[in-house]
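All remarks here apply to the structure that follows.
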Amino acid sequence: MKEFTKLVTAVDQTTKTNQKIQALVEYFAQAKEEDKIFAVSILIGNKPKRPVKTSELREWTAELADLPLWLFEESYYTVGDLAEAIALMLPPQQNEHQLTLKETLELLVRLSDLPSVEKKKLIIGYWMSSDTAERFVFNKLITGNFRMGVSRQLVIKALAKYLKQEPTAIAHQLMGKWNPYEENMESMFSTESHLDKSYLPYPFFLAYQLDDQPANLGAITDWCIEKKLDGIRGQIIVRNKEIFVWSRGEELLTDKFPEFTSLQQTLPSGTVIDGEIIPWKDGKPLPFQVMQTRIGRKNIAPKYLKEAPLVMVAFDLLERQGEDLRQKPLEERRDLLKQLLASHPDENLLLSEAMDFSSWEEVSKFRENAREFQCEGLMLKRKTSPYETGRRRGNWWKWKTDPMTVDGVLLYAQSGHGRRANLFTDYTFAVWDGDLLVPFAKAYSGLTDKEINVLDNWIKRNTLEKFGPVRSVKPEFVFEIAFEGINASPRHKSGVALRFPRISRWRKDKSIQAANTKSDLLQLIDVQNS
Amino acid sequence: MLTFTDKGIYCKQADVYIDPWKPVKFAIITHGHSDHARSGMKHYLCHKETEPILRLRLGKDISTQSLEYNQTLNKNGVTISLHPAGHILGSAQIRLEYKGEIWVVSGDYKLMPDGLSSPFEAVKCHHFITESTFGLPIYRFPTAESVYGSINNWWQENASEGYNSMLIAYSLGKSQSILHHLDQGIGNIFLHGAVANVNNTYNEHGYNFPGVWVSPDMNRKSIKGAMIVAPNSALSTSWSSKFPLLRKAVCSGWMQLRGARRRSAVDRGFVLSDHCDWNQLNEAVLATGAENIYVTHGYQATYAKWLSERYHLNAVEVKTQFEPAINDMD
């Protein structure tokens with residue numbers, strides 16, 4: 001555990017990618033063999049099951065530190081991170097333990113089944129035999145929120161360097177759900193282990209938002225242009241008469257999509273299709289929200305299958321007859337995809353049509369009105385492009401239509417977490433309903449650090465009331481809120497729910513009287529759904 | 001005897017203000033930091049070592065008088081004296097006594113010795129005014145001595161890899177206590193103008209702080225393995241980016257929190273403060289024996305509630321002109 005804590009501290013102390021990779025490589029070179037696979041698992045974001053309630057952790061800490069619980073809570077709001085708050089408030093270390101990372105994780109697994117008194121004894125024992133840095137890491141393992149400035153991509157790069165393999169091979173091996181208790185470095189990464197994992201998807205190729213004029217991309221004839229649909233990006237894999245449906249978030253969602261079950265019989269073995277899974281009825285897409293309620297269910301009732309029938313709109317073929325096609329040009333992969341869909345027709349598997357534009361101006365015009373065509377913009381893909389790994393610039397671009405916007409009044413503020421701890425960065429905005437302000441959106445992002453500081457200072461001086469970590473403030477400032485979609489929602493006071501709300505700018509030029517109204521929002525829904 | 005007015009803390013009997021933020025006739029200044037020592041006062045009273053700093057920052061022609069620690073001054077029957085606050089060189093707590101009633105305004109202070117300023121002395125009183133910048137139990141600082149050690153190790157490590165090191169610290173106070181403890185055997189020391197100005201003033205009064213001012217025409221390309229000390233304002237300007245191969249660190253009590261460390265976007269954060277941490281605050285308050293505690297500047301509501309609840313003191317929150325922003329380099 002000492003080495004792992006040292007790694008976390010080293011990574012935390014630098015903002016430079018190369019130094020982080022260096023620290024990871026050094027860790028892999030020095031750590032106990034049995035620990036390494038657990039470190040990989042934790043660092044790419046797998047969480048151990050939470051063995052205790054966080055409310056218990058708070059109580060135990062307050063008790064040990066001889067602090068009233070309210071003071072613990074106040075301090076926690078300031079830190080903005082429970083694991084860190086606990087580590088900082090515990091009394092000084094008393095002795096030293098010798099547990100490894102693996103043993104520590106095993107201890108946490110064991111805790112789950114113990115009565116509360118036993119849990120308390122073991123956790124306090126661990127705390128009191130660790131220093132602040134180690135307590136922090138231990139608490140992070142317990143609370144299961146281990147985002148420590150190491151991205152998956154970084155772990156892949158470090159492993160590739162340490163194991164002397166290609167990053168793409170490592171990325172592939174790390175896909176999907178795997179259990180560190182059943183694997184080791186050998187079974188995960190040795191070249192022999194690559195063969196028998198037929199359920200694994202390929203790492204997804206992701207596009208950046210186009211921030212340039214499309215004219216700079218060159219001749220339009222070099223590009224394949226498709227609608228960008230609003231659904232769940234996924235891969236359908238058929239191998240050995242079995243089907244696996246993976247989401248881009250690397251969740252295995254096969255059971256959620258009974259619509260695709262029959263494909264395991266009809267598609268040839270060794271087929272991997274990339275596409276967008278969306279709700280579809282009467283020849284056109286339905287809004288994303290329709291699918292969202294269905295995905296959240298454990299068991300999908302027939303009602304949902306009928307209300308929100310899903311299809312995959314396929315846009316790429318990554319594997320055909322067991323052969324990896326990713327290095328072939330897109331144009332060729334698409335031809336093979338078309339042939340495949342033609343010879344194996346299925347009502348739940350559609351082809352993403354390449355659209356016919358004669359100029360970038362035409363493309364631009366279509367993008368502006370994309371919502372009228374039930375899409376959120378366009379995908380621009382170079383016809384000669386291979387299927388790359390991860391998010392890359394150059395060959396694939398997404399070009400989303402401009403978001404909708406509404407001007408709202410800042411009504412509540414809450415302090416943020418992590419980098420934004422102790423700063424008021426989470427805001428609630430309101431629109432007018434008669435002469436009342438009703439909250440309609442929460443937004444966390446979109447302001448610059450400088451604007452955040454200015455606003456934070458103003459909020460502290462203009463607080464009306466405090467409710468725990470939340471403060472209500474004097475209605476004074478108007479912000480433009482951008483979002484991707486809007487739907488009626490009986491659960492919200494304003495009667496609407498927004499998709500991806502964020503702040504697009506601070507409207508210092510506007511008084512609160514000039515903010516939008518609830519009826520403006522309802523009108524937006526009508527326009528969108530017409 | 002003391003009241004909190006929109007001009008600052010006021011003593012009616014002596015007709016004096018302490019650290020006022022608007023122009024008044026007679027101002028007693030606890031120390032030279034700009035949120036305590038403001039311009040525009042007819043007359044200033046401060047500790048002897050603060051006087052040259054006031055002249056440096058507020059102008060040569062200001063009217064001042066100074067006292068040694070524990071020396072007394074009588075004004076309209078009020079006995080006024082200054083006592084070490086341990087915050088920076090010359091920082092003072094202000095003690096006022098009138099007809100047996102004693103008040104102490106502590107200004108900014110700390111109990112942990114920094115190895116340079118006169119260590120804090122607890123002054124018995126009935127009414128104690130305390131700041132609460134770090135008045136939460138998450139703030140428990142390592143000893144300054146151990147932090148100086150870490151700083152020298154960091155500098156040594158950087159120098160051995162051919163890097164320069166830059167420490168970001170408040171130009172008045174923290175810069176000097178760091179400079180006083182840097183291991184000059186490791187390499188050369190360079191100073192930002194703001195730090196150099198303060199050093200010059202102190203050096204004229206018997207101190208000897210090391211370091212060479214980085215003048216605009218200096219060739220910085222040849223600087224290697226050196227330590228550069230600069231205030232926070234230098235961080236965002238091109239001044240700091242002109243040094244070759246540079247690693248930066250911020251010295252501040254706020255560096256206790258990971259969020260603040262990451263926000264500062266430098267290579268290291270050293271937890272080094274010239275304020276009290278949680279334990280020091282509690283120790284100081286109890287040591288005064290005061291029954292009435294006025295909590296300002298920081299987590300005043302929380303800390304006042306804690307003092308009332310835990311120690312049954314008559315502790316109240318005093319709203320000051322502003323809440324400190326986290327990026328103040330305390």
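The values are calculated or read from the model by the stated rules, or taken from the named source; none is laboratory data. Computed from a predicted structure; not experimentally measured. Using ideal geometry, Cβ is built from the backbone for each residue, glycine included, and neighbour counts are taken over all protein chains shown. In case anyone asks, the SASA skips ligands and DNA or RNA and just uses the protein heavy atoms, side chains included. Shrake-Rupley method; radii C 1.70, N 1.55, O 1.52, S 1.80 Å.
With (1) part of a loop (DSSP other than H, G, I, E, B); (2) open to solvent by 30 Å² or more (accessible area, probe 1.4 Å) as the list, and A:LEU437 as the residue in question, which single condition is left unmet?
Tallying (1) part of a loop (DSSP other than H, G, I, E, B); (2) open to solvent by 30 Å² or more (accessible area, probe 1.4 Å), A:LEU437 fails exactly one: (1).
Examine segment B:203-220 for a residue that is closer than 25 Å to B:THR143 by Cβ and outside any loop (DSSP other than H, G, I, E, B), and state whether such a residue exists.
No.
All but one of (1) touching a residue at least 40 places away in the same chain (Cβ under 8 Å); (2) within 20 Å of the chain's Cα centre (by Cα); (3) more than 14 Å from chain B (Cβ to nearest Cβ) hold for A:SER151; which doesn't?
Condition (1) is where A:SER151 drops out.
Could you run through segment A:1-55 and say how many residues are within 14 Å of chain B (Cβ to nearest Cβ) and in a loop (DSSP other than H, G, I, E, B)?
Looking only at that region, the number is 4.
So which residues in segment A:327-363 are in contact with a helix residue (DSSP H, G or I) (Cβ under 7 Å, 6 or more places away or on another chain) and among the polar types (S, T, N, Q), if there are any at all?
Those that are in contact with a helix residue (DSSP H, G or I) (Cβ under 7 Å, 6 or more places away or on another chain) and among the polar types (S, T, N, Q): A:ASN348, A:SER359.
Please go through segment B:182-233 and pick out each residue that is out of contact with any Gly (no Cβ under 9 Å at 6 or more places or on another chain), farther than 25 Å from B:LEU58 by Cα and open to solvent by 80 Å² or more (accessible area, probe 1.4 Å).
B:GLN184, B:ASP217, B:ASN219, B:LYS221, B:SER222
One line per residue, one yes/no per condition, for (1) in a helix (DSSP H, G or I); (2) small (Gly, Ala, Ser); (3) in the same structural domain as B:GLU51 (by TED's automatic domain parsing):
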site	(1), (2), (3)
B:MET166	no, no, no
B:TYR170	no, no, no
B:ASP183	no, no, no
B:ILE186	no, no, no
B:VAL195	yes, no, no
B:SER240	yes, yes, no
B:ALA260	yes, yes, no
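Are there helices (runs of 4 or more DSSP H) fully within segment A:249-331 with at least 1 residues that are basic (Lys, Arg) and open to solvent by less than 30 Å² (accessible area, probe 1.4 Å)? List them. Before the answer, list the steps.
Values: elements: A:263-266, A:288-295, A:302-307.
Answer list for segment A:249-331: A:288-295.
Scan segment A:85-100 for residues that are at pLDDT below 95 and open to solvent by less than 40 Å² (accessible area, probe 1.4 Å) and jot them down.
Passing the criteria: only A:HIS97.
Can you work out which of the residues in segment A:99-118 that are in a helix (DSSP H, G or I) and more than 32 Å from the chain's Cα centre (by Cα) is farthest from A:GLU56 (Cα to Cα)?
Among them, the one singled out is A:GLU118.
Is it fair to say A:GLU484 is charged (D, E, K, R), open to solvent by 60 Å² or more (accessible area, probe 1.4 Å) and out of contact with any helix residue (DSSP H, G or I) (no Cβ under 6 Å at 6 or more places or on another chain)?
Answer is no for this residue.
Could you identify the single residue in B:THR296, B:THR237 that is within 24 Å of A:SER415 (Cα to Cα) and of a type in the set (S, T, N, Q)? Reasoning before the result, please.
Numbers: B:THR237 fails: within 24 Å of A:SER415 (Cα to Cα).
Testing whether each residue is within 24 Å of A:SER415 (Cα to Cα) and of a type in the set (S, T, N, Q) leaves just B:THR296.
Do we have any residue at all in segment A:214-225 that's part of a loop (DSSP other than H, G, I, E, B) and in contact with a Gly (Cβ under 6 Å, 6 or more places away or on another chain)?
Checked segment A:214-225: no residue is part of a loop (DSSP other than H, G, I, E, B) and in contact with a Gly (Cβ under 6 Å, 6 or more places away or on another chain).
Scan segment B:249-267 and tell me whether some residue there is away from chain A (no Cβ under 14 Å) and either free of Cβ contacts under 8 Å to residues at least 12 places away in the same chain or more than 22 Å from B:ASN152 (Cβ to Cβ) (or both). Step through it out loud before you land on a result.
Filtering segment B:249-267 down to residues away from chain A (no Cβ under 14 Å) leaves B:251.
Remaining after also requiring either free of Cβ contacts under 8 Å to residues at least 12 places away in the same chain or more than 22 Å from B:ASN152 (Cβ to Cβ) (or both): none.
So far as segment B:249-267 goes, no, none of its residues is away from chain A (no Cβ under 14 Å) and either free of Cβ contacts under 8 Å to residues at least 12 places away in the same chain or more than 22 Å from B:ASN152 (Cβ to Cβ) (or both).
In segment B:275-324, which residues are open to solvent by less than 20 Å² (accessible area, probe 1.4 Å), in a loop (DSSP other than H, G, I, E, B) and modelled with pLDDT under 95?
B:VAL318, B:PRO324
Report, ordered by the first and then the second residue, all pairs with beta carbons closer than 7 Å, sequence separation of six or more or different chains, a first member in segment A:113-139 that is under 21 Å from A:LYS47 (Cα atoms), and a second member that is open to solvent by 60 Å² or more (accessible area, probe 1.4 Å) and not in a helix (DSSP H, G or I).
none
Tell me, please, whether a residue that is loosely packed, with under 15 Cβ neighbours inside 10 Å and in contact with a helix residue (DSSP H, G or I) (Cβ under 7 Å, 6 or more places away or on another chain) can be found in segment A:134-155.
Looking through segment A:134-155, none of the residues is loosely packed, with under 15 Cβ neighbours inside 10 Å and in contact with a helix residue (DSSP H, G or I) (Cβ under 7 Å, 6 or more places away or on another chain).
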